[in-house]
Amino acid sequence: MTRALLGLVLCVFGASSVALAQTFAPLGPFVFQAEDKVSLTPDGSYLFQHTDSGLVFEAQIAPDVRIVDNFDRAMERVLDNGRPRVFAYSAFGTFLVRLRMFDEASNPVRTPSYMPKATIQLAWLKNRSKEDPTNAPDRFLRGPVEMWLVNAIPFGHHSNGQNGCLFKQQERIEGECEPESPPATGADDVNTENGSFSTNYLRVGVEYRRLYPNGDDPNDVRAVTRREWGVGGSLELNPSGYVGGSISDTLRPLYGPTRFRVTADVIAGNWRAPIWLLNKVNCGRAWVDGSVMFIQDAAPSVDTVTTSVEAACLPAGWGGAGLFVRYYRGQDYYNASFLENINRVQFGMTFLHGKFLAFDRR
């Protein structure tokens with residue numbers, strides 16, 4: 001078990017290794033340099049434990065593979081004196097994996113969630129400063145910068161790589177699980193040992209953000225975002241027949257194929273907690289975020305509202321790693337556990353959960 005846990009930590013650090021280069025950058029940690037490929041809404045990598053869970057640990061590993069973007073060019077224009085509205089785009093893929101190691105004999109990692117997805121981000125940015133760029137260049141460069149962000153996932157997949165029948169009342173006959181539609185009504189009816197879970201989804205969301213660059217010195221080459229906040233909403237659909245591996249007719253009325261999510265967050269850089277014990281730690285990046293998800297057309301046993309609230313601190317000098325605590329309540333997000341509702345506090349480590357933008361002023 002110890003070797004497995006060490007290997008997982010190394011994997012998570014490896015997926016976030018870019019953070020090491022950022023730690024010693026002259027602008028401080030967690031800053032997007034010009035050569036970076038930008039993901040404005042990263043899923044983040046986590047290693048954590050739950051309260052009342054029967055787990056050794058849970059982990060989420062989410063490395064992004066950037067394909068194309070023009071954010072470096074956009075950041076060169078958005079603070080121009082002409083106050084242009086700048087368009088930026090990004091396309092990337094994410095191979096997201098979630099793992100749970102159970103506190104049982106031999107500590108099994110049971111039915112991992114495989115969640116690869118393709119993402120397209122479109123952003124419109126504009127400097128909303130009311131200051132005169134000639135008479136007060138330092139205040140002008142402090143923004144705020146307004147951002148409208150469209151975050152689209154034209155294809156996302158969620159499965160667990162198992163070959164057993166999803167429901168305990170089924171058995172596999174000539175390659176098919178029979179009966180096709182068992183009378184499943186609760187979590188006890190689902191085969192969480194090796195039951196096959198699979199769905200494909202598409203999601204589109206819109207977010208409004210305010211970014212506050214640090215413009216104290218107009219002679220600096222870059223203005224780094226020192227804090228930001230955002231609110232948004234997204235719609236997710238899990239249609240039948242959407243490419244191979246799509247949601248089955250048996251799973252569809254139980255899982256909840258239509259989901260609407262509302263989100264909000266506040267992020268700060270170089271932040272110290274207003275508490276004596278914690279204000280010795282300089283959080284290179286700290287945040288509080290929350291989300292509420294409304295699920296339609298799920299089984300009667302599934303909570304139709306899911307809530308999540310998270311707070312985290314990534315101390316400067318930790319190489320992009322930090323600590324977080326999260327409260328989660330609602331439908332279990334872990335593949336074949338979809339008919340279970342959980343109410344837990346989660347706590348542990350997070351790795352390189354996003355970085356700040358650097359607005360080029362040359």
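The values are calculated or read from the model by the stated rules, or taken from the named source; none is laboratory data. Since this is a predicted model, take the numbers as computed values, not measurements. Heads up, the Cβs are rebuilt from the backbone with ideal geometry, glycines too, and the neighbour counts pull from every protein chain shown. Side chains included, ligands, DNA and RNA excluded: accessible areas come from the protein's heavy atoms. Shrake-Rupley method; radii C 1.70, N 1.55, O 1.52, S 1.80 Å.
In the set (1) surrounded by fewer than 19 Cβ atoms within 10 Å (Cβ to Cβ); (2) touching a helix residue (DSSP H, G or I) at 6+ places or on another chain (Cβ under 7 Å); (3) within 18 Å of Tyr46 (Cβ to Cβ); (4) not polar (S, T, N, Q), the condition left unmet by Gly317 is number (3). Is one or more of the residues making up region 330-340 open to solvent by 20 Å² or more (accessible area, probe 1.4 Å) and more than 22 Å from Asn160 (Cβ to Cβ)? The answer is no; no qualifying residue exists.
Could you go through region 212-222 and let me know if any residue there is in a strand (DSSP E or B), out of contact with any helix residue (DSSP H, G or I) (no Cβ under 8 Å at 6 or more places or on another chain), under 26 Å from Cys283 (Cα atoms) and at pLDDT 90 or above. Yes, region 212-222 contains at least one residue that is in a strand (DSSP E or B), out of contact with any helix residue (DSSP H, G or I) (no Cβ under 8 Å at 6 or more places or on another chain), under 26 Å from Cys283 (Cα atoms) and at pLDDT 90 or above. I'd like to know if region 186-196 contains one or more residues that are without any contact (Cβ under 8 Å) to a residue 24 or more places away in the chain, part of a strand (DSSP E or B) and open to solvent by less than 60 Å² (accessible area, probe 1.4 Å). Looking through region 186-196, none of the residues is without any contact (Cβ under 8 Å) to a residue 24 or more places away in the chain, part of a strand (DSSP E or B) and open to solvent by less than 60 Å² (accessible area, probe 1.4 Å).
One residue stands out in region 169-192 among those that are more than 16 Å from Ser248 (Cβ to Cβ) and aliphatic (A, V, I, L, M): the one that is farthest from the chain's Cα centre (by Cα), namely Ile173. Would you call Arg226 modelled with pLDDT under 90, crowded, with 20+ Cβ neighbours inside 10 Å and not in a loop (DSSP other than H, G, I, E, B)? The answer is yes for Arg226. Only a single criterion out of (1) free of Cβ contacts under 8 Å to residues at least 40 places away in the same chain; (2) surrounded by fewer than 16 Cβ atoms within 10 Å (Cβ to Cβ); (3) not in a helix (DSSP H, G or I) is not satisfied by Arg73, namely (3). The requirement of being open to solvent by 10 Å² or more (accessible area, probe 1.4 Å) and in a loop (DSSP other than H, G, I, E, B) is fulfilled nowhere in region 87-95; no residue meets it. Restricting attention to region 281-325, the residues that are touching a residue at least 60 places away in the same chain (Cβ under 8 Å) and over 20 Å from Leu254 (Cβ atoms) total 11.
For region 350-359, indicate whether the set of residues that are open to solvent by 20 Å² or more (accessible area, probe 1.4 Å) and either modelled with pLDDT of 95 or more or over 15 Å from the mean Cα position of the chain (by Cα) (or both) is non-empty. Checking region 350-359: not a single residue is open to solvent by 20 Å² or more (accessible area, probe 1.4 Å) and either modelled with pLDDT of 95 or more or over 15 Å from the mean Cα position of the chain (by Cα) (or both).
Can you work out which of the residues in region 105-158 that are touching a Phe, Trp or Tyr at 6+ places or on another chain (Cβ under 9 Å) and hydroxyl-bearing (Ser, Thr, Tyr) is surrounded by the most Cβ atoms within 10 Å (Cβ to Cβ)? Going through the qualifying residues, I end up with Thr111.
Residues that are outside any strand (DSSP E or B) and at pLDDT 70 or above: does region 15-25 have at least one? No, because not a single residue in region 15-25 is outside any strand (DSSP E or B) and at pLDDT 70 or above. You will find that of Arg326, Arg261, Arg344, the residue that is touching a Gly at 6+ places or on another chain (Cβ under 7 Å) and either under 30 Å from Phe140 (Cβ atoms) or of a type in the set (D, E, K, R) (or both) is Arg261 and no other.
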